[in-house]
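The structure appears below as structure tokens.
Readers should treat all values here as calculations from the given coordinates under stated rules, not as data from a laboratory. On a predicted model such as this, the values are computed, not experimentally measured, just so you know. Note: ideal-geometry Cβ built from the backbone for every residue, glycine included; neighbour counts use all protein chains shown.
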Amino acid sequence: MERSYEKYFRQNRLPHLWCPGCGNGIAMKAIVKAIEMKGLDQNKTVIVSGIGCSSRASGYMDFDTVHTAHGRAIPFATGIKMANPELNVIVITGDGDCTAIGGNHFIHGCRRNVDLTVILFDNNIYGMTGGQASPMTPTGKKATTAPYGAVDHAFDACKLAEAAGATYVARSTAYHVQHLTDLIAKGMDNKGFSFIEAMVQCPTSFGRKNKMADPAAMMMWMRDNAVMKAAWDKLPEEKKTGDKFPIGVLYEASDIDYATAYDHVIDLAGGAGK
Amino acid sequence: MRKQIRLSGSGGQGVITAAIIYAEAAVAEGWEAVQSQSYGPEARGGASKSEVIIDKEPIYHPHVSVPDVVLAMTQKAADKYHADLHEDGILVLDTDLVPEPPKCKNVIRIPITKLAVEEVGKSLFANIVALGALTKIIGLVDLESVKTAVSHRVPPHTIDQNMKALQLGYDAVK
Amino acid sequence: MSKARLMQGNEACTEGALAAGVRFFGGYPITPSTEIAETMAKKLPQYGGTFIQMEDEIASMGVVLGASLAGKKALTASSGPGISLKQELIGYAAAAEIPVVIVNVQRVGPSTGQPTAPSQGDVMQARWGTHGDHPMIALSPWSVKEAFDTAVMAVNYSERFRTPVILLMDEIVGHLREKVELPDAAELDIYPRRQPSCTRAEGYQPYAPAEDLVPNVADFGTGNRIHVTGLIHDETGFPVGNPKITREAIDRLHQKIAIAADEITHVEEYCMDDAEYAVVAFGGTARTAYEAVLQARAKGIKVGMVRLITIWPFADKAIKALAAKVKGILVTELNYGQLVGEVERAVAGKCDVKLCAKYDMTIFEPEEILSDIEALAGGKA
């Protein structure tokens, strides 16, 4: 069966290296489906990734792609977008990459409202290195560096993005695959910093340590605990408990993007058209 | 024909700017010139020193070794920076801010800051008053060249006041 | 009207970079390099270019690498602590072969050190600051005019070899103002961005080396759909876990610079015709060393100066030739003793090598170097 989105993959680089049952492939496919939906020019779209399981996605996707250093995808992406604003720049990052080592770049990328679409593959763990705790490992959950359960409080990356100035913030899961695809596509429409948290299951490094080794069970957990934003807003506070979390477009705002704002600087300096 | 000049004071008095302007005027007249500075980590209040060397020949070592003229805009600067003055060199002091002039063969005291405040309206112009005085004392670069250099460096709406300050300093040297 | 004007070293560096085609700057404020960022902030938009102040030194390095991949000649500037923070991505630029210039206006270290005071203590950091085996090009100007010239050279070399180039300035030259006459743009040779030699349909491989061993990596957005990574990769640009390809990849990174080393290793000689002794100096310190050499000559000592403009690759040939000619070499550097080790290695015992070092916030005075020249020459003319 011919699948229209296959042209967006480097067939000779597949199969991917992710474990059986991993959610990263679902999120990667959601991105290319969104690219197809939006009709982005394959030759004018750049995929920028950091380091980690999620960030290996760039190697499989047939665009100009750059697999940067750990945490640094957003600064590279900012440089690419500012050097050539006609490019569509998509960032693929992970929870450790984006909110730990790249945390400063993440909040400042949001603050500048650079026109990027950033998709965070949140598997709650450092998968590539064998299961160490990340800033998005829920408190109490186990990791090789949290053998008694994580002590730290976890980041809510969506709230962080909103507070820092992102103009589009959304969350979905590997279970809600069409929903995720639509949210990414909507993020591509926003001319500004768009942040989409894609919750993905990691049965190997996270699941096995936390009595959720079955990927299907992990996805059922997503199904059972995700609450659509509209319903979440109507939920009384006492019901927003346990593992429940909201999905959907969590925040939207209208603001000038960085490249457009800088065009005004070029006008003021008299450099337009040069 | 080398002239070695040192301007000193505290950060914020504008001695570095005055040194740059003098060097710019010298370059405009075709001289070789280098200007360097040293200062502490703070932008205001710390010790500040700037040096200018002017010559017809290329200048390599960028620091003044034996100054021909030292300007000191504070007592602390006067005490610290006058010692290596050439035996025929001239020490130029702000009369009010250097109440105890160091012992020196040639000392010229000018109420630099007082002139700036009373005649131009702001202590901000003290460095340009000092520049006027130095222009006369050094006698190497024409006042007209210094005027042009000042007008290129200061904000346009302050040119008149700066020209007045420059002339005041120049005329204050008898 | 004469084009001569008074200009600061940091400003001349900026002018050189702009003249060489730099149209993107990312940076973070740090003394004593800040004037470069300030001048870029004002000037780049006048050229239709982009200045961006980043959140930290690491991001400043990342943003210029991104801009370079997207086709803009890019430069960043910093000092001491900032250069330390940039090291990981300097290695990335070496591995992924991304043209970029990093200006280091050296100040006293280690750590915060003496932020406003001059030093030349980053000679070895420039060579070995990032991890792993990699070549490095580093240039060090001794005058304001040469800050312009070496900025042009740095940008050209970064593009020609697709490698990071460090412009190793020091506070002496960075903050010095002196008379300069800058050349017209038409007088300069500017190395253009390398372009792919064939199309994707013709089997383009982005990391296949050209004859000069440098790959013609396509800019993003040109339809080549390339992959760039800091992992060791083959000609396709994709990572490989293969010992042979790993060795060959690291060999080629070194070889592309090594085969051009004679061309890019710039050395200047002063008073060397009849010299029996030589001072080896670089950067702002060479100005004082030259003054000392002139004073020693006035006393009848047959001494000259060899000035290194290119610090890395090290001028092995020039120093070996020098060792065969003179009785003794005095290495002057504003640090505890770094370049002297390289000189000793190249000299290999063929003549005396002495160190004249200073690391106390102040620059050399000519007398200090003169007395070491006199000691080297046996205290007699």
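Pairs of alpha-carbon atoms within less than 8 angstrom and 6+ residues apart define the contacts here; what relative contact order does chain C have, in percent? Don't skip to the end; give the middle numbers.
Values: 831 pairs, mean separation 60.3, N = 381.
In percent, rounded to a whole number, it is 16.
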Expressed in angstrom and rounded, the centroid-to-centroid distance over alpha carbons for the stretch B:92-169 and the stretch C:18-85 is 38
Largest fluctuation, A:151, A:66, A:118 only, Gaussian network model of chain A with Cα springs under 10 angstrom, belongs to A:151
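For every helix of n ≥ 4 consecutive DSSP H residues, a contribution of -39,500 (n - 2.57) applies; sum these over the protein assembly as shown, divide by its total residues, and give [θ] at 222 nm rounded to the nearest 500 deg cm²/dmol.
Working: 28 runs with 297 residues, N = 829.
Calculated from helices alone, the mean residue ellipticity at 222 nm is -10500 deg cm²/dmol.
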In whole angstrom, the spacing between the Cα centers of the stretch C:329-381 and the stretch A:1-68 equals 58
Amide H proximity to residue C:356 below 5 Å, modelled H, separation 5+ or other chain, gives C:331, C:332, C:333
Between the Cα axis of helix C:316-325 and the main Cα principal axis of chain C, the angle (0 to 90°, nearest 10) is 20
Cross-link reach from residue C:42 to lysines, straight Cα distance under 28 Å and at least 8 residues apart if same chain, gives A:81, A:191, A:274, B:49, B:147, C:3, C:72, C:73, C:86, C:145, C:179
GNM on chain C, Cα springs under 10 Å; top mean-square fluctuation among C:124, C:40, C:153 goes to C:124
Across C:20, C:210, C:96, the residue with the highest GNM fluctuation in chain C (Cα network, 10 Å cutoff) is C:210
antiparallel share of DSSP beta bridges within the protein assembly as shown, to nearest 5, in %, is 35
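Given axes a ≥ b ≥ c from the Cα gyration tensor, I'd like to know whether the stretch B:88-174 is rounded (a/c under 1.5), prolate (a/b larger than b/c) or oblate. It would help to have the intermediate numbers written out before the result.
Working: a/c = 2.71, a/b = 1.42, b/c = 1.90.
Note, shape of the stretch B:88-174 comes out oblate.
Which shape class applies to the stretch B:2-152: rounded if a/c is under 1.5, otherwise prolate when a/b exceeds b/c and oblate if not, where a ≥ b ≥ c are the square roots of the Cα gyration tensor eigenvalues? Walk me through the intermediate numbers first.
Working: a/c = 1.41, a/b = 1.18, b/c = 1.20.
Taking the square roots of the gyration eigenvalues as a ≥ b ≥ c, the stretch B:2-152 is rounded.
Taking the Cβ-Cβ separation of residue A:237 and residue A:265 as r and a Förster radius of 41 Å, what is the calculated FRET efficiency to the nearest 0.05? If you can, show how the numbers build up before the last one.
Values: r = 45 Å, r/R0 = 1.10.
The computed FRET efficiency comes out at 0.35.
Assuming R0 = 60 Å, can you tell me the calculated FRET efficiency for the pair residue C:298 and residue B:122, based on Cβ-Cβ distance, to the nearest 0.05?
Efficiency for this residue pair is about 0.75.
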Long-range amide H partners of residue C:103, meaning residues 5 or more apart or on another chain whose placed amide H is closer than 5 Å, are C:76, C:77, C:78, C:167
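Which whole number gives the average, over all residues in C:70-77, of C-beta atoms from other chains lying within 10 Å of the residue C-beta?
Numbers: counts 15, 4, 5, 1, 2, 0, 0, 0.
The per-residue average across the peptide is 3.
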Restricting to Cα pairs under 8 Å and 6 or more apart, the percent relative contact order of chain A works out to 18
Whole-Å distance linking the alpha carbon centroid of the stretch A:186-208 with that of the stretch C:209-255 is 30
With +1 at each Lys and Arg Cβ and -1 at each Asp and Glu Cβ, the charge dipole magnitude of the protein assembly as shown around its Cα centre, to the nearest 20 debye, comes out at 1580
Taking GluC sites (Glu not before Pro) in a DSSP loop with at most 12 other Cβ atoms within 10 angstrom as exposed, one finds the longest site-free stretch of chain C at C:1-180
Looks like the stretch C:1-119, by Cα gyration tensor root eigenvalues a ≥ b ≥ c and the a/c under 1.5 rounded cutoff (else prolate when a/b is bigger than b/c, oblate otherwise), is oblate
